[in-house]
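Structure, as structure tokens:
FYI, it's all coordinate maths here, none of it is from the lab. Remember, it's a predicted structure, so these values are computed and weren't measured experimentally. So basically every Cβ, Gly included, is an ideal-geometry build from the backbone, and we count neighbours across all protein chains shown.
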Amino acid sequence: MPSTYYLAWWNVENLFDEENSARRTDKVARALGSSIAGWTPALRDRKIDQLASVVAQLNAGAGPDLLGICEVENEFVVGRLANAVNGLLPARNYQVVHADTTDQRGIDIAFLHDPALFTAPADERFQHIVMRRTATREIFQVNFQTHRGRTWAIFGNHWPSRSGGQLESAGYRAIAGETLAYFHQRVWEVHGDQTPALAMGDFNDEPFDLSLVQHALSTRQRTKVLRADIPRLWNLMWRVTGTGEGTLYFDNFANVLDQFLIDRNMATEASPIRAITDSVEIIRLPAMISTGTYPAPVAFGGMGKPVNQNGFSDHFPIAVTIQEAD
């Protein structure tokens with residue numbers, strides 16, 4: 001009988017370790033400056049509990065089978081998040097796969113996965129540098145092994161922000177797109193062109209922006225992905241683009257910055273690991289939605305912003321269902 005997996009992605013908004021943490025390098029401490037002031041262990045743990053309460057409600061209360069997250073400072077805070085979710089879901093025992101990136105502010109990418117369904121071999125984890133004058137997050141690739149013994153390449157992305165202006169910073173995201181496309185092709189070259197690949201993340205661009213379309217080789221056209229003679233990606237978030245929903249609100253405009261992209265090996269009924277493409281959704285639990293005219297996420301804040309201890313993140317999570325054949 002086929003296995004069904006629930007995948008989710010979430011930018012958890014500045015999940016930092018406590019002020020004056022011994023786990024923080026001097027370089028990151030200097031970059032954070034006074035923004036970390038007042039970030040107590042109690043605030044850190046309250047934010048973790050808020051995030052865990054959402055994660056535990058996903059997948060009809062069973063929790064995701066695999067969760068990608070970004071804007072986490074270190075493996076310690078990710079481990080605390082995993083433990084908090086495990087405490088709410090006794091049937092789960094999430095394990096952490098974390099990448100300590102070279103980002104200036106020290107924010108990283110990580111995965112939480114159910115070891116009964118997936119393993120992450122230590123020699124199948126890769127950090128791909130996105131070249132930039134000032135350091136940014138690497139693309140984190142993990143070649144997960146499913147419990148049925150298949151290799152599944154998953155790329156966690158947190159592309160350079162639009163800070164300084166969308167157009168002024170676009171070149172950085174173009175480089176990130178080229179990096180993703182290159183290593184997607186390398187998956188096919190190393191593991192075979194039948195290897196399924198999925199990219200998820202906060203791309204800091206919309207599905208129609210050039211960084212994704214021209215550089216990452218993503219498209220809204222399934223047929224283009226299936227028939228291309230080069231590795232292309234089908235962007236599953238096109239179906240919500242333009243509907244008025246978003247994963248992040250900026251100046252009260254809904255932006256679809258968090259996305260799932262799949263290659264041709266996940267795009268057909270015959271694919272051993274395939275995406276149920278119409279299952280893609282933006283997760284908007286009632287407590288997460290601001291009241292008022294614009295249904296933006298209720299942020300937790302911190303890092304120089306006012307703290308709302310009943311908040312969560314400035315991004316909504318996204319989710320998709322995946323099916324693996326016998």
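Observations on the model:
- Degrees between helix 75-88 axis and first principal axis of the chain (Cα, 0 to 90, nearest 10): 80
- Helix 170-191 and the longest principal axis of the Cα set of the chain meet at an angle near 50°.
- Per-pair calculated FRET efficiency, R0 = 25 Å: R132 and H191 via Cβ, rounded to 0.05: 0.35
- Fraction in percent of alpha-carbon pairs per bin - 5 Å, region 196-244: 5, 20, 32, 27, 12, 3, 1
- Residue among Q166, Q50, Q104 with the largest mean-square fluctuation in a Gaussian network model of the chain, springs linking Cα atoms under 10 Å: Q166
- Check: the chain dipole with +1 on Lys, Arg Cβ and -1 on Asp, Glu Cβ, in debye: 180
- The long axis of helix 41-55 is offset from the longest Cα principal axis of the chain by roughly 30 degrees.
- Extension gain from R284 to R148, taking 0.36 nm per residue of separation minus the Cα-Cα distance: 45.7 nm
- Within the shell defined by Cβ-Cβ distances under 12 Å, the residues around L67 carry a net charge of -1, with Lys and Arg each +1 and Asp and Glu each -1.
- Within the chain, helix-based [θ] at 222 nm, where runs of 4 or more DSSP H residues each add -39,500 (n - 2.57), nearest 500: -6500 deg cm²/dmol
- A simple spin-label model places pseudo-atoms 7 Å from Cα toward Cβ; at I230 and T291 they are separated by 5.2 nm.
- Both numbers refer to the Cα atoms of the chain; Rg and Dmax are 18.6, 54 Å.
- Extended-chain gain in nm, criterion 0.36 nm per residue less alpha-carbon gap, A60 and A116: 18.3 nm
- Estimated at 0.36 nm per residue, the fully extended path between S163 and A37 surpasses their Cα-Cα distance by 43.1 nm.
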